[in-house]
Amino acid sequence: MILRIARKEMTEMVRDGRFRAAGAIVFTLLAGALLLGWQHYREVSAQHAAAQKATRDQWLRQGKKNPHSAAHYGVYAFKPKVPLTMVDRGTDPYTGVAVWLEAHKQNEFKYRPAQDATAVQRFGELTGATVLQLLVPLLIVLLTFNAFSGERELGTLRQLRSLGVSQTDLARGKALGVAGALGLLLVPAALIGVVALTAASGQTDMIASAPRMAWMTLSYLLYFAAFVGISLAVSASAPSSRSALIVLLGFWMFNGLIAPRAASDIAKAVRPAPSAFQFAQGIGKALQGDGHNSASARGKRLEAELLKKYNVDKVEALPITLTGARLQDGEEHGNQVFDAAYSDLWKTFGEQEGVHRAVSVFAPALAVRSTSMAFAGADFPQHAHFAQAAEEYRRMIQRVMNEDIMKNAGSTGVYMAGGDLWRKVPPFSYTAPDAGWVLARQSPSLAILALWCAAAGVAAMWASRRVQVY
Amino acid sequence: MLGTLMKYEWRNLSADRAPLAVALVLGAAIAYGAFNGSGWVRFQRGAISEALSEERERLHGLRTEIPAVESGSKTVSAFADPRLPQSLGRSMGTRYAVMPPAALGSLAIGQSDLYPYYFRVSTSSKETFINNDEIENPVHLLAGRFDLAFVFLYLYPLVILAFSYNIVSAEKESGTLALTLSQPVSLSRVVLAKILPRALFVLALSVLLSVVGVIIGGADLAAEGALWRLLLWAGVTAAYGAFWFALAIAVNALGRGSATNAMMLADAWLLLVIVIPSVLNVAVKAAYPVPSRVELIQAIRVAGDESTRQGSQLLARYLEDHPELAPPSSKPGGPPDFGTLQVAVNEATERKVQPVLAAFDAQLANQQRMVDRFRYLSPAIVAQAAFNDLAGSSAHRYQHFLTQVGAFHGQWREFFVPRILKKEKLSAADLDKLPAFTFREEATAAVTGRVAVAFAGLLIPLLLAGASALTALRRYPVAG
């Protein structure tokens, strides 16, 4: 029975001109967005790969230099693009693309792509994620708002009842019908996506991103199912199709447009991040240090330690060059300062994310936004993961340079090192976290989506059992 | 007749709870938007005042440090000598160039959360201080903010549509339309009488509430041009609202039922506010792709490396071009000092990078031109641009700021470079002569000019919708 209802619903929808029109628009936008995403991914990843190679060449070919000059010259780290960003670019347009790794300083990422766009960007970017998070739910609403109320208004609900069709079967059948109609749109779009993904990233990368893609697909399916359930529940309990439509459109607005913005503002109010100025001032003060932590105090302590360690009584007798030890000591002090400052900042961002998650209990769009960009590899935690890897690479460069100074610089004249030393620094390589890493962080959001889905299903069943036939 | 009709329509409306509900929803949204906008303005003001007080304290410290170094009571390393123009101009004595939030800044956060609003200008190249981005959770930049501009661009049209989607169809469905039209009155007049009280109510409410919001938000209405801009804001709001009312009538005039009207208007809203802007954004980026910043980084680095290698040659060439700047005691062949070399190296690097940077500016300008040309496709884009302009959070004002920063950077170098080359030492008294930055607000006339174009962009669709409504109303199937 359920299947028969589903087939009838699906046939009716597919034959309906409005569904065809809306479906064609959504499909075109989705396919277009995916292709644009594919092109964007290919361009940007080629650029970044080329730049990463160029910065390495520059490092190797910097000629004869004092190692500390080389450390100041440094290298750049360019954030690689992951293939699934063709579906969801997440926060990528709003985080910088590159960071300069130089001596003494953990720099901020610079050049946010959105700065190189017009204000129209702020209406939202046309990506697969926008279509899936905003437009597909609207399509669901338009397909289902009159599922029950429409039958009642036509008088067909009474007929169905007289035939002995159970209300819950009707609800299940209608849900399946909508799912089938949506499947007609989304399955081909997903296939286009998979083909584009394979073309963009090659087969091996494609297989590597399969778990991420599976989780992303699951979160969207939960999200759509929740919307189908909500729509059916509202349609069954609303007094008329009109009021069902108004309630559902209101919810769609709140879910997709109001809640994300309101969540940003609430998160900023509840867990304010420092201004860039305060952040930099804080780091500056901490780097200078005070009392036992000041540069001169640290210098004295270091000298004493070294004299004791090598069992000599004056600096000149040390078997190592003091300058190198001083530089490394400064780096280590700096590392502590930067670790403290950035972990504070990232903790604040994490707490802000917690506020978003709390709001997602009322608006599933926030939950699916979070899981989608996380599995795409374009959320802030993964940006921070890359930033952390780049910073560790920076620290390694400093250590190699300073140890070389300690060992080889001697105490007189200007010390110069060359290609041999530069080659001691291995090229920067970064492995993005795997799906399990993301899953561990996203399980609350996935749970919220699952809850939404379950609650909407229960509500739909409950409401369909109580639907007014007249 | 019109007056009588309007009076009854208003009575009808007041008996309904709709206006009260509208007032509450719109009022709450506007209050929340104004609160958020003013919070952002306060944040910016706070950061600016901290920066300026840091500068004041630093310069104050130098005033006592310089005499101390001069008299020999304090010894410093050559790099930290506050008397040397290269250390003073590069870091120790640098000053901030600040763009304070505009008088109506709390109305629209716009692009202001994406662009820096203060720079610490130094003698180094512009690229060293221009990336002074504010710290912000990128998710917030992605989602956008709940400010007044959001309320007006997205929610206000929906309130208007909820108020007017069935303005004719409901009367027809309840049978009162034929009855009313049996009186000596035309349908257009009836519609006008029905729409005017609603329009006046919504427009007056939103203008009033946003003015109240602005004032509570701490806007400086005494600032030059602020009242005029507020007036323009009200005008843009009214024109944008009027467009949506006209669209509702035009759709009603097609003679369909209330449910179909609601659906069509919701589609129109979706198309104009969500789909067209995001498609335009994609089209603009595809038509005028901005060169890669990653390649810019490389270009700057390559140019810098080259210039550093050619250092002393560059200096010789530079001094040939500027013989007046040659140090008095320069012995030919002697090694130039670090500060002097740096001047020549910076100059050469910037000359080489200039074409790359120009390519960015040119593409961005092309993008903006294309947006300007195609924004008429959607009144929402037109209104967004006007709101950002009036609130001073547009790319235009930021460019205006950047131009001034560029000029100030030049001034700063003009002060220090000759002193560096002549190996002068500065005294505490010289600190009073340091160039200072004062932001000159965009000319009200320039803003007015751009907003006037926006008015045209709103009035044309308004007139089109109105005209099509009038023609269709003449053929309206009253009984059928």
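The values are calculated or read from the model by the stated rules, or taken from the named source; none is laboratory data. Because the structure is predicted, anything quoted here is derived from the model rather than measured. Every residue, glycine as well, gets a Cβ built from its backbone with ideal geometry; the counts of neighbours run over all protein chains shown.
Given (1) modelled with pLDDT under 95; (2) in a helix (DSSP H, G or I), identify the lone condition not met by A:Leu345.
So A:Leu345 meets the others, but not (1).
Which one of these is closer than 30 Å to A:Ala456 by Cα, within 10 Å of chain B (Cβ to nearest Cβ) and acidic (Asp, Glu): A:Glu125, A:Glu108, A:Glu43?
Step by step, each of A:Glu125, A:Glu108, A:Glu43 is checked, and only A:Glu125 is closer than 30 Å to A:Ala456 by Cα, within 10 Å of chain B (Cβ to nearest Cβ) and acidic (Asp, Glu).
Here are A:Thr95, A:Thr130: which of them is at pLDDT 90 or above, within 7 Å of chain B (Cβ to nearest Cβ) and within 30 Å of A:Gly183 (Cβ to Cβ)?
A:Thr130
To keep it simple, each residue is scored yes or no on (1) more than 10 Å from chain A (Cβ to nearest Cβ); (2) in a helix (DSSP H, G or I); (3) in contact with a Ser or Thr (Cβ under 9 Å, 6 or more places away or on another chain).
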site: B:Leu254; (1), (2), (3): yes, no, yes
site: B:Ala266; (1), (2), (3): no, yes, no
site: B:Leu272; (1), (2), (3): yes, yes, yes
site: B:Asn281; (1), (2), (3): no, yes, yes
site: B:Ala286; (1), (2), (3): no, yes, no
site: B:Pro289; (1), (2), (3): no, no, no
site: B:Ile297; (1), (2), (3): no, yes, yes
site: B:Arg301; (1), (2), (3): no, yes, yes
site: B:Ser312; (1), (2), (3): yes, yes, no
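For the range B:170-217, which residues satisfy the criterion of being of a type outside the set (A, V, I, L, M), more than 21 Å from B:Thr4 (Cα to Cα) and buried (at least 16 other Cβ atoms within 10 Å of the Cβ)?
Residues satisfying the conditions are B:Ser206, B:Ser210, B:Gly213, B:Gly217.
Which condition from (1) more than 30 Å from B:Ile109 (Cβ to Cβ); (2) in contact (Cβ under 8 Å) with a residue 60 or more places away in the chain; (3) away from chain A (no Cβ under 14 Å) is the one that B:Leu232 breaks?
So B:Leu232 meets the others, but not (1).
Test of understanding: among B:Thr128, B:Thr123, which residue is among the polar types (S, T, N, Q), more than 7 Å from every other protein chain (Cβ to nearest Cβ) and without any contact (Cβ under 8 Å) to a residue 60 or more places away in the chain?
None of the others qualify; the one that does is B:Thr128.
Do you know which residues across the range A:143-185 are of a type in the set (A, V, I, L, M, F, W, C) and either free of Cβ contacts under 8 Å to residues at least 60 places away in the same chain or surrounded by fewer than 21 Cβ atoms within 10 Å (Cβ to Cβ) (or both)?
Across the range A:143-185, the qualifying residues are A:Leu154, A:Leu160, A:Leu163, A:Val165, A:Leu176, A:Ala179, A:Leu182, A:Leu184, A:Leu185.
Return the pairs, sorted by first residue and then second, in which the second residue is surrounded by 18 or more Cβ atoms within 10 Å (Cβ to Cβ) and polar (S, T, N, Q), the first residue lies in the range B:38-50 and is facing another protein chain (nearest Cβ under 8 Å) and farther than 9 Å from B:Gly217 by Cβ, the beta carbons are less than 9 Å apart, and the residues are 6+ apart or on different chains.
Listed pairs, sorted by first residue: B:Phe43/A:Ser275; B:Gly46/A:Ser275; B:Ala47/A:Ser275; B:Glu50/A:Ser275.
For the range A:186-296, which fully contained helices (runs of 4 or more DSSP H) count at least 1 residues that are in contact (Cβ under 8 Å) with a residue 40 or more places away in the chain, within 28 Å of B:Val273 (Cα to Cα) and of a type in the set (A, V, I, L, M, F, W, C)? Reasoning before the result, please.
Values: elements: A:210-237, A:241-253, A:259-270, A:276-288.
In the range A:186-296, the matching helices (runs of 4 or more DSSP H) lie at A:210-237, A:241-253, A:259-270.
Looking at this structure, is B:Val382 modelled with pLDDT of 90 or more, in contact with a Leu (Cβ under 6 Å, 6 or more places away or on another chain), within 25 Å of B:Pro289 (Cα to Cα) and within 12 Å of chain A (Cβ to nearest Cβ)?
Judged against the criteria, B:Val382 is a match.
Please go through the range A:1-28 and pick out each residue that is among the small types (Gly, Ala, Ser) and either surrounded by fewer than 17 Cβ atoms within 10 Å (Cβ to Cβ) or on the phi > 0 side of the Ramachandran plot (or both). Walk me through how you get there before you give the answer.
First, pick out the residues of the range A:1-28 that are among the small types (Gly, Ala, Ser): A:6, A:17, A:21-24.
Across the range A:1-28, the qualifying residues are A:Gly17, A:Ala21, A:Ala24.
Scan the range A:29-57 for residues that are touching a Gly at 6+ places or on another chain (Cβ under 7 Å) and either of a type in the set (A, V, I, L, M) or surrounded by fewer than 18 Cβ atoms within 10 Å (Cβ to Cβ) (or both) and report the count.
Matching residues across the range A:29-57 total 3.
One line per residue, one yes/no per condition, for (1) farther than 19 Å from A:Lys110 by Cα; (2) in contact with a helix residue (DSSP H, G or I) (Cβ under 6 Å, 6 or more places away or on another chain); (3) crowded, with 20+ Cβ neighbours inside 10 Å:
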residue: B:Ala262; (1), (2), (3): yes, no, yes
residue: B:Asp267; (1), (2), (3): yes, no, no
residue: B:Val273; (1), (2), (3): yes, yes, yes
residue: B:Asn281; (1), (2), (3): yes, yes, yes
residue: B:Lys285; (1), (2), (3): yes, no, yes
residue: B:Ala299; (1), (2), (3): no, yes, no
residue: B:Gly304; (1), (2), (3): no, yes, yes
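Please specify each residue of the range A:133-164 satisfying the condition of being closer than 28 Å to A:Leu218 by Cα and either under 25 Å from the mean Cα position of the chain (by Cα) or within 11 Å of chain B (Cβ to nearest Cβ) (or both).
Answer for the range A:133-164, where residues must be closer than 28 Å to A:Leu218 by Cα and either under 25 Å from the mean Cα position of the chain (by Cα) or within 11 Å of chain B (Cβ to nearest Cβ) (or both): A:Gln133, A:Leu134, A:Leu135, A:Val136, A:Pro137, A:Leu138, A:Leu139, A:Val141, A:Leu142, A:Phe145, A:Asn146.
Out of all the residues in the range A:292-330, which are surrounded by 15 or more Cβ atoms within 10 Å (Cβ to Cβ) and of a type in the set (Lys, Arg)?
A:Arg298, A:Arg326
Tell me, which helices (runs of 4 or more DSSP H) wholly within the range B:147-218 include 3 or more residues that are more than 13 Å from chain A (Cβ to nearest Cβ) and under 29 Å from A:Arg261 (Cβ atoms)?
Passing ranges, in order: B:187-216.
Grab the helices (runs of 4 or more DSSP H) fully contained in the range A:356-470, keeping just those with 2 or more residues being out of contact with any helix residue (DSSP H, G or I) (no Cβ under 8 Å at 6 or more places or on another chain).
Those helices (runs of 4 or more DSSP H) span A:380-408, A:435-465.
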